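First comes the structure, then the notes that go with it.
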Amino acid sequence: MERPHNFSAGPCILPLEVFEKASQSVIDLDNSGLSILEISHRSTAFVGIIEKARELALQHLNLQDKGYKALFLQGGASMQFLMTAYNLLEKKAGYLDTGTWASNAIKEANNFGKTEVLASSKSSNYNYIPKDFLVPEGLDYLHYTSNNTIYGTQMKTFPKKENTPLVCDMSSDIFSRQLDYSQFDLIYAGAQKNMGPAGATLIVVKEDILGKVSRAIPSMMDYQLMIKKESMFNTPPVFSIYVSMLNLEWLSRNGGVPSIEKKNKAKADLIYSEIDRNPLFKGFTALEDRSMMNATFSLKDEQLGPKFDKLWKASHINGLNGHRSVGGYRASMYNALTLDSVKVLVDVMKNFEKTA
Ligand code: PMP
């Protein structure tokens, strides 16, 4: 059966070879006769898997031997909204409000201290990234969302302040582009976009920012304890970590982040040039803030919606509907989506122009 072109925003497409290897390992992990699902998380086999996953994550971000630790925890990125604040917020932290996820992070941090919203694009339904904001002195940390999955905006630069740790939610663009990742002190990302199946959350943290708050931190919320226990204070999400490891190996075999960035750029260029060229469509976000991962757009005449929907669905395209808070369409183009899938979508848009 031909697989659909999967533009789903997350959980999302992963490479077919990863699905194949993962499904094989559910029956028999590396000729052990045992399923990945039935072995102890303390077994040599699984300890090897999580160590490999940690090593690959740091390697792909160029953060090896720079004082960072990689953790695989549960609770999704949403748990990190509070865990970051639990561990880092003493008095006041600065947040950039670039969307629903950023504002959820602010809401959770308010349980632990003060937050200062440095700037917000809420009044224009988050269709751009605020830029001319000042970062005051004396914040415990600064928090950004690098890619706003719902709106299709992506930060290209990350204003910093000396002596202020930089925390970033990279749930929807981690491992997709080259950045100086050492500018960040803590990065977190739910697995279910460019890493693996939902269930695991990657946290990459510079150890020297920890242990500075005066509050008592419950064990399950304590980064330092999680580091000490190598992500195994309790049973970790073994399958999600295993498939993430397979996917990070796939990324290595395919040239790593530099090579995937080129492919992601080609995909984004193709879809955005069609959105701009085709008189029937318009983009949602400010041009300079367009995301390479999620392209949001709509029909200028919404009445044409049912006709367009019929066309893309007939071309085996899946997951193109926009988020309910934006409407229209969202083409999510994560690492495993091929340029060919984007070409199919662009052809549908071109054909639609001819027939509409
Ligand atoms: N941050 C961003 C940027 C996201 O896209 C999402 C989910 N799509 C979240 C946070 C929330 O992640 P989770 O469902 O893993 O809690």
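Nothing in this text is a laboratory measurement; each read-out follows from the coordinates by a stated rule. Everything numeric here is computed off the predicted structure, so don't read it as measured data. Please note: Cβ atoms are built from the backbone with ideal geometry, for glycine as well, and neighbour counts cover all protein chains shown.
Put simply, the amide H of L29, placed in the peptide plane, has neighbours under 5 Å in L34, S35, I36, leaving out anything fewer than 5 places away on its chain. For F281, the residues whose modelled amide H falls within less than 5 Å of its own, excluding neighbours fewer than 5 places apart on the same chain, are K300. Quick check: Cα centre of the range 208-280 to Cα centre of the range 294-356, how many Å? With the range 208-280 and the range 294-356 each reduced to a Cα centre, they are spaced 26 Å. In a DSSP loop and with at most 14 other Cβ atoms within 10 Å, the chymotrypsin sites (Phe, Trp or Tyr not before Pro) in the range 107-182 are F133. Here the range 60-106 yields Rg over Rh of 1.03, to two decimals, using C-alpha coordinates and the Kirkwood radius.
Converting phi to 3J(HN,Hα) with the Karplus coefficients 6.51, -1.76 and 1.60 and the offset θ = phi - 60°, the range 3-8 yields 7, x, 7, 9, 9, 4 Hz in sequence order, with x at every glycine or proline. Shown here for the range 101-193: GluC sites (Glu not before Pro) in loop regions (DSSP other than H, G, I, E, B) with at most 11 other Cβ atoms within 10 Å, namely E137, E162.
Can you tell me the length gained on complete extension of the stretch N321 to K107, counting 0.36 nm per residue apart and subtracting the Cα distance? The span from N321 to K107 would gain 74.3 nm if fully extended. Here is the tail figure for the chain: Cα pairs spaced more than 30 Å apart come to 39 percent of all pairs.
Highest GNM mean-square fluctuation among N194, N264, N234, for the chain modelled with Cα contacts below 10 Å: N234.
From least to most packed, judged by other beta carbons within 10 angstrom and beginning with the fewest, D30, D132, D289 follow the order D132, D30, D289.
Under a model in which nothing but the beta-carbon of Lys, Arg (+1) and Asp, Glu (-1) is charged, the chain shows a dipole of about 560 debye around its Cα centre.
Highest GNM mean-square fluctuation, the chain, Cα pairs closer than 10 Å: which of M226, M333, M245? Of M226, M333, M245, the most mobile in the Gaussian network model is M226.
Projecting the Cα atoms of T355, Q192, L202 onto the dipole axis of the chain, where Lys and Arg carry +1 and Asp and Glu carry -1 at the beta carbon, places T355 farthest toward the positive end. Counting only DSSP beta bridges with both residues in the chain, the antiparallel share comes to about 55 percent. The rule of thumb for compact globular proteins, 2.2 N^0.38 Å, goes into the C-alpha radius of gyration of the range 256-355 1.03 times.
Under 5 Å from the amide H of Y95 lie the amide H atoms of E116, V117, L118, H143, each residue being 5 or more positions distant or on a separate chain, with H modelled from the backbone and absent for Pro and chain starts.
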